[in-house]
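Report on one structure; see the data block that follows.
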Amino acid sequence: EASRGCRVSACGAPSHSQPSPRDMANALVDRSRPGDFNQALMELGATVCTPKSPLCRECPVKEHCHAWHRVEKELASASQKLFGKTTLVPDVEDCGTGSCPLCLPAAEPWDSSLGVTNFPRKAAKKQPRVEWTATCVLERRGRLGAPEYLIVQRPSSGLLAGLWEFPSLPLAPGLQEEQQKEVLADHLQAWTRQPVQTQNLCFVGEVVHIFSHIHQTYVVYSLCLDGDVALDAASSPSRWVTEEEFRASAVSTAMKKVLKARETQRGAQSGRAKGSKRKRESKLGAAGSTPTGTQLSLRAFLRAQPPP
Ligand code: SF4
């Protein structure tokens, strides 16, 4: 209900950074029945002092509301001008030219067209932090030949606490692909306890995910391992999962996007492999057939072959 507080007190500071909201509340709330005040304030916000169309003329607290007083003063001033009276009494609410943190900033003064909705002032939006993370979709062939993926658990505090993800590590900005592969190979080695060759890491693509305060780019690589791999359980919880188990695990949306990118790449790779197989087969077929597709006799076939 800080927004209502901003209007009633005509406070030009952003609602979340008003000074001492607790002191204001202590002065207003009846300690024996604090719930009544809270309820009343919530109802006022929901039915009268709404964010976009406040009903000031019907408001039960308009006599105490400095934002409304300001609108009334403007109306009075307009009517004085209309009838030729120009004497205006200075008001403390007009002091927004100095450095007072409670007044509307001089750079964004009162806008008459907005009326009381000049309050609350929104805080300037902070630009999200830009971060890069290297991620590897580490695969092995599971039962029935379907791929299984290694996922590891994030720390229990901080961003995406406790969620599962593909092995990842933050990247310093400006690293080239070869350098990214080197740091990622070192990181993976800690998990798999076996040397990881950078040339085996296959670039999948970049996946962008926007958190509320972070513009995160995942640089995705894939690596297929042969045989069974003993994981280093001492580092952090980790496990192999099928695609189905991955989707049922506590993984972030960003990681689901990463897996999708890998699956798209796999689809493209198998499409290319099928295409080249078909080409080879059609070349072979052409060598043993007539232009009409009729198979040649062995003698005719051998005659048709160019000398070595
Ligand atoms: Fe909100 Fe208007 Fe009431 Fe002030 S007078 S509290 S701005 S509805």
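The values are calculated or read from the model by the stated rules, or taken from the named source; none is laboratory data. Keep in mind the model is a prediction, meaning the values are calculated, not measured. Counting neighbours? That spans all protein chains shown, and the Cβs are built from the backbone with ideal geometry, glycine included. Surface areas here come from the heavy atoms of the whole protein model, side chains and all, with no ligands, DNA or RNA. Shrake-Rupley method; radii C 1.70, N 1.55, O 1.52, S 1.80 Å.
Quick test of your reading of the structure: Ser3 fulfils all but one of (1) small (Gly, Ala, Ser); (2) surrounded by fewer than 11 Cβ atoms within 10 Å (Cβ to Cβ); (3) within 13 Å of the ligand (Cβ to nearest atom); (4) modelled with pLDDT under 80. Name the failing condition by number.
For Ser3, the failing item is (2).
Residue-wise test of (1) at pLDDT 90 or above; (2) within 16 Å of Leu114 (Cα to Cα); (3) of a type in the set (Gly, Ala, Ser); (4) exposed (fewer than 13 other Cβ atoms within 10 Å of the Cβ).
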{"site": "Ala27", "(1), (2), (3), (4)": "no, no, yes, yes"}
{"site": "Cys56", "(1), (2), (3), (4)": "yes, yes, no, no"}
{"site": "Pro60", "(1), (2), (3), (4)": "yes, no, no, yes"}
{"site": "Lys73", "(1), (2), (3), (4)": "no, yes, no, no"}
{"site": "Ser79", "(1), (2), (3), (4)": "no, no, yes, yes"}
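Filter segment 59-68 for residues that are free of Cβ contacts under 8 Å to residues at least 40 places away in the same chain and either more than 8 Å from the ligand (Cβ to nearest atom) or assigned to a loop (DSSP other than H, G, I, E, B) (or both) and give the result.
Matches in segment 59-68: Cys59, Pro60, Glu63.
Can you tell me which residues in segment 141-155 are assigned to a strand (DSSP E or B), open to solvent by 50 Å² or more (accessible area, probe 1.4 Å) and touching a Leu at 6+ places or on another chain (Cβ under 8 Å)?
Gln153
Being touching a Leu at 6+ places or on another chain (Cβ under 8 Å), more than 25 Å from Gly205 (Cβ to Cβ) and either without any contact (Cβ under 8 Å) to a residue 60 or more places away in the chain or in a strand (DSSP E or B) (or both) is the requirement here; does Trp132 meet it?
no
Where in segment 165-241 are the strands (runs of 3 or more DSSP E), entirely inside, with at least 3 residues that are closer than 18 Å to Tyr149 by Cβ?
Result: 202-210, 214-225, 238-241.
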